[in-house]
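To start, the structure under review is shown below, and the notes come after it.
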Amino acid sequence: MEERVQKFISSAGVASRRKAEEFIKSGQVIINGKKAKLGDKVDPEKDTVKVYGKVVKPAEEKIYVMMNKPVGYVVSKSDPKGKKTVFDILPEDLRTKVWNVGRLDFDTEGLLIMTNDGELTQQLAHPSFEHEKEYEVSTQEEPTDGQLEHLRTGVEISTGTTYPAQVKQRDGKVRITIHEGKKRQVRRMFSAVGLTVTALKRIRLNKLTLPNNLPVGQFIKIKKEDII
Ligand code: URA
């Protein structure tokens, strides 16, 4: 779609719109080899715009996807053993653009975020950004108060002692909120206190709660503000 060249330059993050107008006036903006004039329009898909000799790349549209991951899918772009991946669930135009933020195990269900926003990915991965991850856990045994308290205060797993967690019971299941994300952490924590996990589902990541009306295996587009 066509837009004014100064708008194109500013939305690409090169300069403010006023500054872009100054560049045009001073003859520093070239469209397809010709000096641009104020008000000239460009089609970012077809035209080449240069500012001070450098090609301006159009701003990339940021995409945020929330998926309700099914059990039986790997969180990976491809699987050497040919298992189904969560990317198989996405249509091709999305699949090629986004990557997963964090992981869920093959046998875990629930909230998974995919994006092409590198900044958000870094923020969510950084340990200083203490975002909460909440899981709903079904167990084979009825948990005792002692086991729940043990999960709350921290348990010894092979990678060290876990940080304090929020733990409560709801509808016969355990809800646990952790801030870390070690490999198979929830399963290992439960195993360490003598509980066998029969089903594990992530229901919240920071501000974002998995909606009850998002069926397993489906996804929706969301906004960055929904997450952090
Ligand atoms: N903890 C686990 O054990 N598995 C997951 O997939 C996520 C958290």
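The values are calculated or read from the model by the stated rules, or taken from the named source; none is laboratory data. Just so we're clear, the structure is a prediction, and the values are computed from it rather than from any experiment. Virtual Cβ from ideal backbone geometry, glycine too; neighbours counted across all protein chains shown. SASA here: full protein model, heavy atoms, side chains in, ligands and nucleic acids out. Shrake-Rupley method; radii C 1.70, N 1.55, O 1.52, S 1.80 Å.
Karplus-derived 3J(HN,Hα) values for region 186-192, using 6.51 cos²θ - 1.76 cosθ + 1.60 with θ = phi - 60°, are 5, 4, 5, 5, 5, 4, 5 Hz; glycine and proline are entered as x. Near the amide H of Ala199, within less than 5 Å, lie the amide hydrogens of Ser138, all on another chain or at least 5 residues away, with H placed in the peptide plane.
Couplings 3J(HN,Hα) of region 117-134, computed from phi: 9, x, 5, 5, 4, 5, 4, 6, 7, 6, x, 6, 8, 7, 7, 8, 10, 10 Hz, in residue order, whole Hz [Karplus 6.51 cos²θ - 1.76 cosθ + 1.60, θ = phi - 60°; x for Gly and Pro]. Label sites at Ala199 and Ser138, each approximated as a point 7 angstrom past Cα along Cα to Cβ, lie 0.3 nm apart. DSSP beta bridges fully contained in the chain are about 90 percent antiparallel.
For every helix of n ≥ 4 consecutive DSSP H residues, a contribution of -39,500 (n - 2.57) applies; sum these over the chain, divide by its total residues, and give [θ] at 222 nm rounded to the nearest 500 deg cm²/dmol. Here the helix-only value at 222 nm equals -5000 deg cm²/dmol. Full extension of the chain segment joining Arg103 with Gln166 gains 20.6 nm, where the gain is 0.36 nm per residue of separation less the Cα-Cα distance. The C-alpha radius of gyration of the chain, expressed as a fraction of 2.2 N^0.38 Å, stands at 1.38. Let me make sure I get this right: for region 132-205, a, b and c are the square roots of the gyration tensor eigenvalues over alpha carbons, sorted descending. Under 1.5 in a/c it's rounded, otherwise prolate if a/b > b/c, else oblate. Which is it? Rounded. Shape class for region 3-55, computed from the alpha carbon gyration tensor (a ≥ b ≥ c): rounded, with a/c under 1.5.
Of the whole protein surface, Ser128 contributes about 90 Å² of accessible area at a 1.4 Å probe radius. Based on Cα contacts under 8 Å between residues 6+ apart, the chain shows a relative contact order of 19 percent.
In order along region 68-85, the phi-based Karplus estimate (6.51 cos²θ - 1.76 cosθ + 1.60, θ = phi - 60°) of 3J(HN,Hα) comes to 9, 5, x, 5, x, 10, 8, 9, 6, 5, 8, 10, x, 8, x, 5, 5, 10 Hz; Gly and Pro are listed as x. For Tyr163, the solvent-accessible surface computed with a 1.4 Å probe is close to 150 Å², ligands and nucleic acids excluded. Lys168 contributes about 100 Å² of solvent-accessible surface, heavy atoms of the protein only, 1.4 Å probe. With all protein chains in place and ligands, DNA and RNA left out, the 1.4 Å accessible area ranks Ile89, Ile178 as Ile89, Ile178, largest first.
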